[in-house]
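Novice: One structure, as structure tokens, below. Some questions next.
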Amino acid sequence: MNARKLLLNNIVSTRKIPPAYYINVHMILKKVKAFSLIILAIGCYFFPASSMFIKPDKDDGLALTPPMGWNSWNIFQADINQAKIEETADAMVSSGMRDAGYNYLVIDDGWMAEQRTSDGQLCGDPQKFPLGMKSLGDYIHSKGLKFGLYECRGYLTCQKLPGSYYHEEQDMKTFAFWGVDYVKLDGCYAERNKRPSDVDLSIYSEAIKKSGRPMVLSISDFGNGSWAWGAKDFTHLWRTSYDIRPNMESIFYCANTSGGNGVIDSAFNGLWQFAGPGHWNDPDMLEVGNLTSVIQDKLHFSLWCMLAAPLMAGNDLREMPDSIRNILTAKEVIAVDQDPRGFQGYKVFDNGKQQVYNKPLSDGTTAVLLLNMDKENADVTVHWDQIGLHGSQKVRDLWKETDLGYFNNFFVAKNLPQYGHLLIKVGTPGGKMIAGPQPVPVEKYTVTRDGTTWLSDIYYLMKQGDAPVKDKNFKGKEISIAGIQYKKGLNCQTSSRIMYSLNGKADRFQAVVGIDDAYRGDAPAQFKVYNGDYFGGQVLFDSGKLGKDSAMKVDVDVKEVKYILLTVDGKNVEADWADAKVIAK
Ligand code: GAL
């Protein structure tokens with residue numbers, strides 16, 4: 001055991017005094033802080049939040065392929081310490097993970113002391129990380145790895161430790177001083193910041209630039225629409241889902257947020273059009289090694305690679321069996337994820353039991369995943385015309401790293417058991433790139449016209465919950481509130497969120513809200529209209545609790561509003577946004 005490990009294993013005291021290097025950084029940052037607080041105060045007084053918005057040119061060359069690494073959360077949650085992290089760094093090297101491309105070691109929530117120092121500095125929990133975060137970063141770097149650290153843009157982290165709100169610049173400077181290369185920025189409590197998310201994140205993006213150290217910015221807003229409102233101008237990856245869990249239901253839910261219609265109008269066929277080099281949809285970190293069978297782990301990994309998802313391992317690397325190591329380091333499978341073209345895979349077939357995904361690659365071939373979710377064994381077929389090819393095509397099995405031969409017009413993966421799948425590469429490398437599908441044009445999902453635009457006539461960009469049915473209710477009948485029927489509108493079941501792009505074009509949003517007459521229960525519903533996303537915290541309209549048989553008119557000013565979020569809170573209710581429309585002059 002080296003001297004450093006010996007020291008770590010023997011530390012028993014709960015040192016409250018920060019290590020010496022904190023003192024240097026404190027002295028420098030104290031002066032900077034006093035100055036920046038004055039500037040911030042002047043700025044806040046003279047300029048409203050929206051005019052402080054700076055649209056940075058995020059052409060920083062970072063994350064040109066989806067980031068790969070390991071993150072502490074899925075396996076350890078907040079139960080982390082210096083020894084565990086250093087052992088994980090060692091294991092990343094000895095297992096071959098680093099050499100397979102996993103270069104970020106990211107420490108998630110739970111690393112920091114409960115209080116900032118008297119001059120506002122963050123520091124590591126002195127019991128968990130007695131040598132401090134810079135020392136830990138140095139260790140990680142000494143292994144040829146990059147250092148990632150978690151923070152939150154709310155005033156607290158999700159584990160109720162000090163968040164970065166109001167300390168953005170100071171914290172990014174501290175991170176830079178510690179040698180951080182990757183920031184995972186969470187969203188808990190961020191709605192209290194009362195800043196639209198683009199404003200909030202432009203502050204971090206600027207703070208990172210000012211720190212002088214390039215850092216990947218990965219944000220977690222649990223799938224609240226970052227792809228829609230333009231997080232790609234400020235961040236490199238954003239979450240599309242709530243937290244992943246180690247079971248297949250959760251794996252398919254997360255995959256469906258990015259690769260299916262889990263969080264967007266079905267017209268988009270998933271979020272593929274919002275991803276590309278430098279900006280990625282993130283269906284959350286990997287649970288490979290934490291699932292109940294190797295076939296599940298393998299399918300989860302294949303799906304994430306097809307979705308050009310960030311590959312952040314979340315298992316205990318210190319005791320990883322070969323079966324899991326072989327999955328996480330499978331060269332030809334990782335190459336699909338890391339393909340420099342950065343085209344996210346999309347579904348070409350889904351009957352609820354079997355699915356086929358396609359991901360056009362930079363070498364003129366395309367990767368195809370054929371999978372069976374059903375308990376019954378099944379054959380799954382891909383026809384070349386579904387993936388932009390025809391005639392006789394070469395097929396290679398990417399897990400087995402074996403050519404399967406040439407196939408005319410289609411290929412069948414035979415007799416797949418539940419979670420069984422084949423990941424194949426179709427075509428001959430070196431040819432012209434396959435075009436891939438056309439993205440949905442902007443005018444189909446944003447307000448572009450003068451006069452009235454019914455929201456049910458354009459595509460929504462984000463949804464959560466069972467929302468919405470357009471121009472009828474869930475039972476297929478006309479929308480009806482308190483005995484009055486409406487031809488246009490949106491009907492939502494249970495609590496729901498829907499986001500539309502207004503593009504700053506509309507002047508007023510109007511609707512009639514209430515519980516649909518088809519609803520048989522007696523629970524109330526609360527309707528709200530937000531400017532931007534939920535985390536902006538800017539409520540334009542709030543109905544309060546509405547019972548059955550009461551309708552309320554909504555008529556709000558939405559001038560210069562870029563995105564509008566319609567939310568309903570209520571248990572199992574069927575709620576209507578009847579006649580929902582925007583009016584532009
Ligand atoms: C959640 C986040 C998780 C993890 C956790 C830490 O909000 O989605 O990935 O970071 O917070 O508290």
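The values are calculated or read from the model by the stated rules, or taken from the named source; none is laboratory data. Everything numeric in this text was worked out from a predicted model, so none of it was measured. Glycine gets a Cβ as well: all are built from the backbone with ideal geometry, and neighbour counts include every protein chain shown.
Novice: Please go through region 173-202 and pick out each residue that is under 21 Å from the mean Cα position of the chain (by Cα), hydrophobic (A, V, I, L, M, F, W, C), within 28 Å of W70 (Cβ to Cβ) and not in a loop (DSSP other than H, G, I, E, B).
Specialist: If the condition is that a residue be under 21 Å from the mean Cα position of the chain (by Cα), hydrophobic (A, V, I, L, M, F, W, C), within 28 Å of W70 (Cβ to Cβ) and not in a loop (DSSP other than H, G, I, E, B), then V183, L185, A190, L201 are the ones that fit.
Novice: How many residues, within region 284-314, are within 22 Å of D221 (Cα to Cα), within 16 Å of the ligand (Cβ to nearest atom) and assigned to a loop (DSSP other than H, G, I, E, B)?
Specialist: Number satisfying all stated conditions: 7.
Novice: Given the conditions (1) away from the ligand (no atom under 13 Å from the Cβ); (2) buried (at least 24 other Cβ atoms within 10 Å of the Cβ); (3) not small (G, A, S), and given that K209 satisfies all but one, which numbered condition is not satisfied?
Specialist: (2)
Novice: While we're looking at this one, here's another question. How many residues are touching a Leu at 6+ places or on another chain (Cβ under 9 Å), over 14 Å from R116 (Cα atoms) and outside any loop (DSSP other than H, G, I, E, B) if we restrict to region 153-172?
Specialist: Count: 1.
Novice: Further question on the same structure: As an exercise: evaluate R318 against (1) more than 30 Å from L490 (Cα to Cα); (2) not assigned by TED's automatic domain parsing to the domain that holds W399; (3) not aromatic (F, W, Y) and give the number of the one condition it does not meet.
Specialist: Failing condition for R318: (2).
Novice: Output the residues belonging to region 244-283 that are touching a Pro at 6+ places or on another chain (Cβ under 7 Å) and part of a helix (DSSP H, G or I).
Specialist: Result: C254, A255, T257, S258, Q273.
Novice: Could you list, in sequence order, the residues of region 227-243 that are closer than 30 Å to V288 by Cβ, part of a helix (DSSP H, G or I) and in contact (Cβ under 8 Å) with a residue 60 or more places away in the chain?
Specialist: Once the filter is applied, which keeps residues that are closer than 30 Å to V288 by Cβ, part of a helix (DSSP H, G or I) and in contact (Cβ under 8 Å) with a residue 60 or more places away in the chain, region 227-243 yields W227, A228, K232.
Novice: Follow-up question, since we're still on this one. Can you tell me which residues in region 520-561 are at pLDDT 95 or above, part of a loop (DSSP other than H, G, I, E, B) and among the basic types (K, R)?
Specialist: Matches in region 520-561: K559 only.
Novice: Within region 215-239, which residues are near the ligand (Cβ under 10 Å from one of its atoms) and acidic (D, E)?
Specialist: Across region 215-239, the qualifying residue is only D221.
Novice: Just give me the residues in region 104-119 being away from the ligand (no atom under 14 Å from the Cβ) and touching an Asp or Glu at 6+ places or on another chain (Cβ under 9 Å), in sequence order.
Specialist: Listed by number, the residues that qualify are Y104, A113, E114.
Novice: On to the next question. Y242 is checked against (1) among the hydroxyl-bearing types (S, T, Y); (2) within 12 Å of the ligand (Cβ to nearest atom); (3) under 21 Å from G69 (Cβ atoms) and fails just one. What number does that condition carry?
Specialist: Against the list (1) among the hydroxyl-bearing types (S, T, Y); (2) within 12 Å of the ligand (Cβ to nearest atom); (3) under 21 Å from G69 (Cβ atoms), Y242 comes up short only on (3).
Novice: Kindly evaluate G212 against the criterion of being over 26 Å from F349 (Cα atoms) and free of Cβ contacts under 8 Å to residues at least 60 places away in the same chain.
Specialist: Yes; evaluated as a whole, the condition is true for this residue.
Novice: If you take the residues in region 65-88 that are more than 30 Å from R341 (Cβ to Cβ), more than 15 Å from the ligand (Cβ to nearest atom) and under 25 Å from the mean Cα position of the chain (by Cα), which one is surrounded by the most Cβ atoms within 10 Å (Cβ to Cβ)?
Specialist: Taking the candidates together, the pick is T88.
Novice: Another question, if that's okay. Pick out, from region 386-502, the strands (runs of 3 or more DSSP E) lying fully within it that include 2 or more residues that are closer than 20 Å to Q526 by Cα, in contact with a Cys (Cβ under 8 Å, 6 or more places away or on another chain) and in contact (Cβ under 8 Å) with a residue 12 or more places away in the chain.
Specialist: Values: elements: 392-397, 402-408, 410-416, 421-426, 451-454, 462-470, 479-481, 484-486, 489-501.
Where strands (runs of 3 or more DSSP E) fall fully within region 386-502 and carry at least 2 residues being closer than 20 Å to Q526 by Cα, in contact with a Cys (Cβ under 8 Å, 6 or more places away or on another chain) and in contact (Cβ under 8 Å) with a residue 12 or more places away in the chain, they are 462-470.
Novice: Please go through region 123-152 and give me each residue that is under 14 Å from M112 (Cβ atoms) and among the charged types (D, E, K, R), ordered by number.
Specialist: Answer for region 123-152, where residues must be under 14 Å from M112 (Cβ atoms) and among the charged types (D, E, K, R): D125, K128, K134, E151.
Novice: Tell me which residues, restricted to region 150-200, are among the hydroxyl-bearing types (S, T, Y), within 11 Å of the ligand (Cβ to nearest atom) and within 23 Å of R213 (Cβ to Cβ).
Specialist: Correct list: Y150, T157.
Rundown of residues vs (1) closer than 30 Å to H390 by Cα; (2) surrounded by 16 or more Cβ atoms within 10 Å (Cβ to Cβ); (3) modelled with pLDDT of 95 or more; (4) out of contact with any His (no Cβ under 9 Å at 6 or more places or on another chain), yes/no style:
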site	(1), (2), (3), (4)
Q418	yes, yes, yes, yes
L423	yes, yes, yes, yes
V426	yes, yes, yes, yes
P429	yes, no, yes, yes
K432	yes, no, no, yes
P439	yes, no, yes, yes
Y445	no, yes, yes, yes
W454	no, yes, yes, yes
Y459	no, yes, yes, yes
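Novice: Kindly list the number of the only condition in (1) out of contact with any strand residue (DSSP E or B) (no Cβ under 7 Å at 6 or more places or on another chain); (2) among the hydroxyl-bearing types (S, T, Y); (3) farther than 22 Å from Q273 by Cα that fails for T448.
Specialist: (3)
Novice: Name, by its number, the condition in (1) buried (at least 24 other Cβ atoms within 10 Å of the Cβ); (2) under 24 Å from D108 (Cβ atoms); (3) within 13 Å of the chain's Cα centre (by Cα); (4) not charged (D, E, K, R) that does not hold for Y242.
Specialist: Answer for Y242: the failing condition is (1).
Novice: Quick check on my filter: what residues within region 140-149 are away from the ligand (no atom under 13 Å from the Cβ) and either surrounded by fewer than 20 Cβ atoms within 10 Å (Cβ to Cβ) or part of a strand (DSSP E or B) (or both)?
Specialist: Hits for region 140-149 are H141, S142, K143, G144, K146, F147.
Novice: Also, I was wondering about something else. For D181, only one of the following conditions fails: (1) within 18 Å of G278 (Cα to Cα); (2) surrounded by fewer than 21 Cβ atoms within 10 Å (Cβ to Cβ). What is its number?
Specialist: It is condition (2) that D181 fails.
Novice: Could you figure out which of (1) β-branched (V, I, T); (2) touching a residue at least 60 places away in the same chain (Cβ under 8 Å); (3) part of a loop (DSSP other than H, G, I, E, B); (4) within 25 Å of P321 (Cα to Cα) isn't true of T117?
Specialist: With respect to (1) β-branched (V, I, T); (2) touching a residue at least 60 places away in the same chain (Cβ under 8 Å); (3) part of a loop (DSSP other than H, G, I, E, B); (4) within 25 Å of P321 (Cα to Cα), T117 is out only on (4).
Novice: Determine whether G137 is within 25 Å of R213 (Cα to Cα) and either under 26 Å from the mean Cα position of the chain (by Cα) or in a strand (DSSP E or B) (or both). Steps first, please.
Specialist: Values: within 25 Å of R213 (Cα to Cα): yes; either under 26 Å from the mean Cα position of the chain (by Cα) or in a strand (DSSP E or B) (or both): yes.
Yes: the conditions hold for G137.
Novice: Sticking with this one: Which of the residues spanning region 380-398 are polar (S, T, N, Q) and surrounded by 14 or more Cβ atoms within 10 Å (Cβ to Cβ)?
Specialist: Quick first cut of region 380-398, residues polar (S, T, N, Q) only: 381, 386, 392-393.
Correct list: T381, Q386, Q393.
Novice: Follow-up. Just to be sure I understand, how many residues within region 317-334 are in contact (Cβ under 8 Å) with a residue 60 or more places away in the chain and crowded, with 16+ Cβ neighbours inside 10 Å?
Specialist: Going through region 317-334 one residue at a time, the tally reaches 9.
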